[in-house]
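The values are calculated or read from the model by the stated rules, or taken from the named source; none is laboratory data. For clarity, every value in this text was computed on a predicted model and none was experimentally measured. Note that we place each Cβ from the backbone using ideal geometry, even for glycine, and neighbour counts take in every protein chain shown. With ligands, DNA and RNA removed, areas are computed over all heavy atoms of the protein, side chains included. Shrake-Rupley method; radii C 1.70, N 1.55, O 1.52, S 1.80 Å.
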Amino acid sequence: MKNNQFKASFLALFLGGMGLQAQEHPPVGTTAVKATSKYDYQAAFAPNFYTKNGTDTHSASGQPGAKYWQNKADYQLSATLNEKNNEIIGTEILTYTNNSPDKISFLWMNVDQNLFKNNSRGKAVIPVTGSRNGDKGQIFDGGHKIKSIKVIAIQNGKTVEKEAKFEIIDTRMQVFLPQDLNPNGGTIKLKIEFSFISPNFGSDRMGVMDTKNGKIFTMGQWYPRMCVYDDVKGWNTLPYLGAGEFYLEYGDFDVNITAPANHIVVCSGELTNPSEVYTADQQKRWTEASKSDKTVIIRSAEEVTNIASRPAGTSTLNWHFKIKNARDVSWASSAAFIVDAAKINLPSGKKSLAISAYPIESSGQEAWGRATEYTKSSIENYSNHWFEYPYPAATNVAGNEGGIEYPGIVFCDLKSKGEDLWFVTDHEFGHSWFPMIVGSNERLFAWMDEGFNTFINTLSKTEFNNGEYKSRPRNMQRMSQMLTNPELEPIMTSPDGMKEANLGLLAYEKPSSGLIMLREQILGKDRFDKAFRTYTERWAFKHPTPDDFFRTMENVSGEDLNWFWRAWFVNNWRLDQGITKIKYLKNDPKLGVLISIENLEKMAMPVVMEIKTKSGAISRVQLPVEIWQRNTAWTFLHTSTEEIETITIDPDHVFPDINPANNVWSSDKSELEKAVILDTYLGNYTSKQIPVKITLTEENGALVGTPEEGQGPKLSFESIGKDKFGAEQGGVELQFNESKNEFTLKMRGQEFLFTKV
């Protein structure tokens, strides 16, 4: 009975010990736990990354669900520019369609100019050291002034207007409806009369700039805009504080701008009345530009000060623009504008128009003289790669903004030149895809537009004009301390919830760097591009969430990327891969080498190693991220045939490893572990004390004990002393005698003698 009980416990030990051993000693394909490692594979690869299941509106596969809906906002906008006092006086006719399944009793709208009121929340959170946000302390009567809001209805065949009650709370306005707006297609029409005085510097997104030939007005956030009512949060009413940008509904826009007759006005969309606002010669140049791949001057520098370059006989002109299926509209006006243009060739064969408007101070081929060339290239590049540009024009305006995007129009720094102008132009027009086409919530998830856009910018920069502005590949090891600084907030933090100094890193650079790694090191370019393009197509003119992006990338690529999203986007984890030791099989380089590595920080990544031998031969080893799925350390056999000179983890510096010092093993500086020659220990062993037979063999430099069939699985042993081997956590030790023909098996305080047969 005693022997049978021991036999059962011994078999259990082999079964359990093997599992325990897989966490402690790494012969081949197993691991070693080290006290200094912070890595937890259960945390890195934990299940249930997604906190909610797919729904009827957001499918588990990442695409819009079968019952996806979103509301629509159509605008008829009229504005008059008062050049003297920088005032805009406007009228808005809003047609709002409720496609949701809910009745709606009130509307929420954005009145973003209220950021510039003295008592705004946005001003209150500006530190004494200053900020990009706000109006830089300008003293003026800022804010939206809402003269009236009326509900337009048809009664007895006549149009009637009824006053609607409304309440303004900081940068939000709640409009109370006289009766509930029905679900599934109910509509309401509002007429809003408003005005505001423009700040000179409007949070780096709009403003007024003086030039020697007149002011440049760049108008954004200029009319009351609908908040989004969606299936995720209902009304999205976070205030406009400055850092967080916008989340807007799609619709059609009909816009009339009345400006001084000596002004040129450019706007989102297509100008519908060019014959009323341009001279006959200029209209001919527009026709020429629409057919030309080279930039055509519409209004030259010489014409800016020539009154004959503007239609005569009136003090003001009305400019009429239209744009469909857009989420916003912006415009610019100035007497100082030089204007040029060229056609944009789209993949379907359709054409659009690249337009630039800038003052004489910005002219010249080293500066804005190439702006239309840059615009054309950007739009064509992104249309070919991701989704065709949908708008009739893409207009680049020189203003006092560093760079800001709107549908069909961007405002860029009038002082930019050369590569800087290329970069800001390419970046702002990249936003035509994120978030203008793919309408994510910028106020909550800046990385879904700024990060995605910065990523696609890295590709277009390489391709522009045969690499004119191509940059060197980024050194992620050098950037690692910055990208994964423990003081940083996670990427998923809202822009208003992170330090302003961190916004550029967390909304732009870090998500972009993550996508580059995902494309070039994890999925491969083809699989990544297919998935990223699918995401863009699925969510064009819709409202995706982060989960929709994550799920689409996984479903299309066929890879579970939870570990990647968790480390790089949800958390601010760090990466440290290191080489711990190497040893030659039987101490003979010709037989191969065992290389041991470990993961010391919380992030997991694939492993790329470059191995150089004494003869100068170089080979690469690539290990998938799955080696870390249940291991903290990993040992593998490399079939070398000669001595190793160096081994380098991440030789191309494409991963953000914070400690490159442990990435290199070199024969002249690093220790070479001597292998225990196992030949004399091998053979079949039995015991007179217990009915167990064990066969000891060598597998890739490890001593492996295999019980007789039916007595359990094999177990790997590490050398832990002279003639001594152990499975430490399993509590099993083998102590051989001097002649290597016997060993004592020590387990649970008991000892049993085994003899070679």
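Observations, loosely collected:
- Pair list, Cβ < 8 Å and 6+ apart or interchain, from segment 665-684 residues that are at negative phi and at pLDDT 95 or above to residues that are open to solvent by 60 Å² or more (accessible area, probe 1.4 Å) and among the hydrophobic types (A, V, I, L, M, F, W, C): Asn684/Val757
- Of the strands (runs of 3 or more DSSP E) entirely within segment 627-701, those holding at least 3 residues that are surrounded by 20 or more Cβ atoms within 10 Å (Cβ to Cβ) and among the hydrophobic types (A, V, I, L, M, F, W, C) occupy 644-649.
- Output for segment 505-528, where each listed residue is over 14 Å from the mean Cα position of the chain (by Cα) and open to solvent by less than 20 Å² (accessible area, probe 1.4 Å): Leu523
- Residue that is open to solvent by less than 10 Å² (accessible area, probe 1.4 Å), in contact (Cβ under 8 Å) with a residue 12 or more places away in the chain and over 21 Å from Leu271 (Cα atoms), where the choices are Ser416, Ser356, Ser362: Ser362
- Filter result (in contact (Cβ under 8 Å) with a residue 12 or more places away in the chain, open to solvent by 10 Å² or more (accessible area, probe 1.4 Å) and under 15 Å from Asp170 (Cα atoms)) within segment 102-122: Trp108, Asn110, Lys117, Asn118, Arg121
- If you go through segment 675-686 and keep only what is out of contact with any Ser or Thr (no Cβ under 7 Å at 6 or more places or on another chain) and under 18 Å from Leu715 (Cα atoms), you end up with Leu678, Asp679, Tyr681, Gly683.
- Criterion applied to Glu288, Glu270 was being under 39 Å from the mean Cα position of the chain (by Cα) and of a type in the set (Asp, Glu), and the one residue passing it is Glu270.
- All helices (runs of 4 or more DSSP H) inside segment 442-559 with 2 or more residues being more than 17 Å from Val654 (Cα to Cα) and among the hydroxyl-bearing types (Ser, Thr, Tyr): 450-463, 525-538, 546-557
- Residues of segment 419-443 satisfying the condition of being among the aliphatic types (A, V, I, L, M) and buried (at least 23 other Cβ atoms within 10 Å of the Cβ): Leu421, Met436, Ile437, Val438
- When restricted to residues that are open to solvent by 20 Å² or more (accessible area, probe 1.4 Å), of a type in the set (Phe, Trp, Tyr) and in a loop (DSSP other than H, G, I, E, B), segment 215-264 contains 1.
- Selection status of Asn396, in a strand (DSSP E or B) and polar (S, T, N, Q): yes
- Per-region count, segment 688-738, residues farther than 19 Å from Leu637 by Cβ, among the polar types (S, T, N, Q) and modelled with pLDDT of 95 or more: 3
- Pairs, first within 18 Å of Phe550 (Cα to Cα) in segment 55-71, second open to solvent by 70 Å² or more (accessible area, probe 1.4 Å) and outside any loop (DSSP other than H, G, I, E, B), C-beta under 8 Å, six or more apart: Ser61/Asn555; Gly62/Asn555
- Condition met for Gly497 (surrounded by fewer than 18 Cβ atoms within 10 Å (Cβ to Cβ) and within 16 Å of Met448 (Cβ to Cβ)): yes
- Taken over segment 189-233, the criterion of being of a type in the set (Asp, Glu) and within 20 Å of Gly134 (Cα to Cα) is satisfied by Asp204, Asp210.
- Residues of segment 464-474 satisfying the condition of being surrounded by 15 or more Cβ atoms within 10 Å (Cβ to Cβ) and over 18 Å from Ser513 (Cβ atoms): Phe464, Tyr469
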